[in-house]
Amino acid sequence: MDERQALSAFAALGQEHRLKVVRALVTAGPDGLAAGLLAAELGLSTSNLSFHLKELDHAGLIGSRREGRSMIYSASYPTLSGLIAFLMRDCCRGRPEVCAPAVEALSACCPANGDSPGD
């Protein structure tokens, strides 16, 4: 991810509803959520949600697919991973203890063996 892409992603995430949308889609996992369910979960009108989804899609943070009459939205995990890597790329400058808390937090939610925490 380059700086231009990161700025676009941060601009999109810098709005309360859009941040909540991304967090809900990350929580939903790769299968994503139908737009109607997402709107209900977040307490947004479908037109308001549509506006925010367009901004997130433009930033590359989400994707969509049609299933029958429904639009299913999901987080773009490669883009989100790229954004995290962009932030952390130069973080420690030879001092790994600086990045250790972030690495531990990611390890706790995403174990290397694929198991969920607490399994």
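The values are calculated or read from the model by the stated rules, or taken from the named source; none is laboratory data. All of these numbers come straight from a predicted model, not from anything done at the bench. When we count neighbours, we look across all protein chains shown, and the Cβ atoms used for this are built from the backbone with ideal geometry, even at glycine.
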Within region 55-73, identify whether any single residue is within 22 Å of Leu106 (Cβ to Cβ) and among the polar types (S, T, N, Q), and answer yes or no.
no
Please state which of the following conditions Ala39 fails to meet, knowing it meets all the rest: (1) modelled with pLDDT of 95 or more; (2) surrounded by fewer than 10 Cβ atoms within 10 Å (Cβ to Cβ); (3) among the small types (Gly, Ala, Ser).
(2)
Test set (1) in contact with a helix residue (DSSP H, G or I) (Cβ under 7 Å, 6 or more places away or on another chain); (2) outside the structural domain of Pro30 (by TED's automatic domain parsing); (3) not aromatic (Phe, Trp, Tyr) - Glu97 fails condition number
(1)
Residue under evaluation Ser107, criteria (1) within 19 Å of Ala24 (Cα to Cα); (2) over 14 Å from the mean Cα position of the chain (by Cα); (3) not assigned by TED's automatic domain parsing to the domain that holds Ala12, criterion not met:
(1)
Set Arg95, Arg65: member being of a type in the set (Lys, Arg) and more than 21 Å from the chain's Cα centre (by Cα)
Arg95
Helices (runs of 4 or more DSSP H) completely within region 21-118 that count 3 or more residues being touching a Leu at 6+ places or on another chain (Cβ under 7 Å), closer than 24 Å to Arg4 by Cβ and among the polar types (S, T, N, Q)
none
Residues that are aliphatic (A, V, I, L, M), in contact (Cβ under 8 Å) with a residue 12 or more places away in the chain and more than 13 Å from Leu44 (Cβ to Cβ), drawn from region 2-25:
Ala6, Ala9, Ala11, Ala12, Leu13, Val22, Leu25
